[in-house]
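Enquirer: This structure is in structure tokens; I'll ask about it shortly.
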């Protein structure tokens, strides 16, 4: 996979008078797993919408390989960057295979529909995520974790280098959260660049190579989780007091003090 | 492509072939039904001599030719065309509005056509003008809906549907007013009959009139049908997968409206087809629009042709087809909402 670099430069966004993002800058490339930490309403989704070209920032820019996302036509943008929404329930029940096949739409130009080649790609994407056995099941009949994996397979079928994931573990049970995150981590080891948002600091310690913490629309920390996520930062982010403990294996865990 | 995909594709191809065969059989039966039955042999002979400009066969009377070409053939064709278009429009609207209950009249195309037709009948214009008024008023209504929805605020899909409800309501008020002032002896019954929907007055020029806008609308819908799948998801998902969401949505709405307007202007208000047929087809071929739209075209044609045959043959006098589609459609929907969960 050739690396697409993504540069967010001095990004500011406001809804009316309400400033949501205030001079956010960072960059990511080459198989990084960037975890965006922040409380509800801090602007994580807005940041993602700006990166995906769905929202236009008032100041600053998002550059993909040096070119602003606003200048990409929808189809070219889709070939560079994919989006994995929270697992949802669409109006109509599609088979898991059809859902993944939709990811290949940007690869077939103009008015054509995916053909045998794209079906092969969808097949491979299902295999990479490890859900080939679900291919004929209805998307509305599988579990939340399986839906999330289906959406990740769809992003792989899109063949973009960068994948934006909006809280991939929201609404999932404990086991599914860990399974989905482990799968995402494996994919970044294969060269995929992933930017995902999360509420859970433990997930950042467990899986993220890098953490970007947003407080009040500003970047409060950017770096390796072990280095930048402190008890003070978690207090600033979520308003709760925690103690960070190091286990015998050297892993850091978050222990809430209630 | 793995074996299961091939199997599925083969199943779909088989279904399309079977439905096409059923349609052909239904067409042949339709000619044989009625006060002047036309056998398949007579039909083919008459068609052959017309198409290939052969000598007129002595077996066929001029009366039979007149009935075949001026009455039966246009009516059979129109029933197929209208059924096909209303079903496709219903399926398309359901997709772009992410609403399984959307029908071809959701944006007011039918209400607009009804007001236009009622006005033309009130002014005692010719049948041709009634058709043109209905078509024009229908398109005007949708333009108004799109114009209003563009300047309204909020969720785009909701805006269009709300604008549609408002404008339809206005059109219905206009139709009611026209009925109020219409002469109850001759004009009012004619308006009422038009509103009930019927193919009984079909003439060759109706078919020719409707064919052009129907073709113009159907072709883009068929070309865009894979992309309609993506529009049934959220806009941000569809866009992030490389679909120009607003362009595809507006194109689909315009095309679906065009075929609806063309249908309504020649047939009056025929309800339920656009709701019942797509849902039946979803059960048979799944929700993938790549298979759903062609299946709906065939299914709609078969359905309306059969219903029209019932409407003209069941009783001595015609039963307006709109009444029959409601009689079939409503129980179907009761079944649909009470059945077990849908599977792919």
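Enquirer: What is the distance in Å between the Cα centres of segment A:16-61 and segment B:253-322?
Expert: 48 Å
Enquirer: When the chain is fully extended, how far beyond the present Cα-Cα distance does residue A:200 get from residue A:255, taking 0.36 nm per residue of separation?
Expert: 18.6 nm
Enquirer: Take the Cα of residue B:246, step 7 Å along the line toward its Cβ, and report every residue of segment A:1-36 whose backbone nitrogen sits under 20 Å from that point.
Expert: A:14-16
Enquirer: Which value in nm describes the separation of the simple spin-label points at residue B:326 and residue B:129, placed 7 Å from the Cα toward the beta carbon?
Expert: Taking the two extended label points, one gets 2.9 nm.
Enquirer: Let me ask something additional. Can you give the Kirkwood hydrodynamic radius for segment B:231-298, in Å, rounded to one decimal and based on Cα pairs?
Expert: Its Kirkwood hydrodynamic radius stands at 13.8 Å.
Enquirer: Let me ask something else about it. Would you please give the FRET efficiency between residue A:120 and residue A:189, computed as 1/(1 + (r/R0)^6) with r the Cβ-Cβ distance and R0 = 30 Å, to the nearest 0.05?
Expert: Step by step, r from the Cβ atoms, then E = 0.80.
Enquirer: With viscosity set to 0.890 mPa s and temperature to 25 °C, compute the Stokes-Einstein D of segment B:154-241, Rh being the Kirkwood radius across alpha carbon pairs; µm²/s, no decimals.
Expert: Here the translational diffusion coefficient equals 141 µm²/s.
Enquirer: Take the alpha-carbon centre of segment B:10-36, take the same for segment A:177-223, and report the distance between them in whole Å.
Expert: Centre-to-centre distance over Cα atoms comes out at 58 Å.
Enquirer: Please average, across the residues of B:216-225, the number of beta carbons from any other chain that are within 10 Å of each residue's own beta carbon, and give a whole number.
Expert: 1
Enquirer: Obtain the nm distance between the two label points defined at residue B:66 and residue A:235 by a simple spin-label model: each point lies 7 Å from its Cα along the Cα-to-C-beta direction.
Expert: My value for the distance between the label points is 10.0 nm.
Enquirer: Quick one: which of A:159-170, A:116-127 comes out on top by average Cβ neighbours within 10 Å, and what's the full order, highest first?
Expert: Final packing ranking: A:159-170, A:116-127.
Enquirer: Another question about this same structure. Using 0.36 nm times the number of residues separating residue B:283 and residue B:162, minus their current alpha carbon distance, what extension gain do you get?
Expert: Here the segment from residue B:283 to residue B:162 would lengthen by 40.7 nm.
Enquirer: So how tilted is helix A:144-157 from the main axis of chain A? Cα-based, degrees 0 to 90, rounded to 10.
Expert: Computed tilt is about 70 degrees.
Enquirer: Also, quick follow-up: Given R₀ = 60 Å, what would the calculated FRET efficiency be for residue A:243 paired with residue B:7, taking r from the Cβ atoms and rounding to 0.05?
Expert: Calculated value: 0.55.
Enquirer: Let me ask you something else. In which sequence would A:218, B:8 go, from the one with the fewest C-beta neighbours within 10 Å to the one with the most?
Expert: Going from sparsest to densest Cβ surroundings: A:218, B:8.
Enquirer: By counting other Cβ atoms within 10 Å of each Cβ, how are B:338, A:230, B:257 ranked from fewest to most?
Expert: Placing the least packed residue first, the sequence is B:338, A:230, B:257.
Enquirer: A further question on this structure: Using a/c under 1.5 as the rounded threshold, could you call the protein assembly as shown rounded, prolate or oblate? The axes a ≥ b ≥ c are square roots of the C-alpha gyration tensor eigenvalues, and prolate needs a/b larger than b/c, oblate otherwise.
Expert: Prolate, because a/c is 1.5 or more and a/b exceeds b/c.
Enquirer: Sticking with this one: Going by C-beta contacts inside 10 Å, put A:7, B:105 in order with the fewest on the left.
Expert: By the 10 Å Cβ count, ascending, the order reads A:7, B:105.
Enquirer: Given the options B:87, B:151, B:200, state which has the largest fluctuation in a GNM of chain B using a 10 Å cut-off (strictly under) for Cα springs.
Expert: Sorting by GNM fluctuation, first place goes to B:151.
Enquirer: Here's a follow-up. Determine the shape class of chain A: with a ≥ b ≥ c the square roots of the Cα gyration tensor eigenvalues, call it rounded for a/c under 1.5, and otherwise prolate if a/b is greater than b/c, oblate otherwise.
Expert: Oblate shape, in that a/c is at least 1.5 and b/c is the bigger or equal ratio.
Enquirer: If N is the number of residues in segment B:226-344, what value comes out of its Cα radius of gyration divided by 2.2 N^0.38 Å?
Expert: Dividing the Cα radius of gyration by 2.2 N^0.38 Å gives 1.25.
Enquirer: Just to verify a number: FRET efficiency for residue A:76 and residue B:150, C-beta to C-beta distance, R0 = 35 Å, to 0.05?
Expert: My answer for the efficiency is 0.80.
Enquirer: With labels modelled as points extended 7 Å from the Cα through the Cβ direction, what inter-label distance (nm, one decimal) is found for residue B:180 paired with residue A:63?
Expert: 6.7 nm
Enquirer: What average number of partner chain Cβ atoms lie no more than 10 Å from the Cβ of the residues making up A:109-118?
Expert: 3
Enquirer: If you take the Cα Rg of segment A:52-131 and divide it by 2.2 N^0.38 Å, with N the number of residues, what do you get?
Expert: 1.30
Each reported figure results from applying straightforward, stated rules to the coordinates on display, with no laboratory input. Since we're looking at a predicted model, the values are computed, not measured. Quick reminder, even Gly has a Cβ in these numbers, built from the backbone with ideal geometry, and neighbours come from all protein chains shown.
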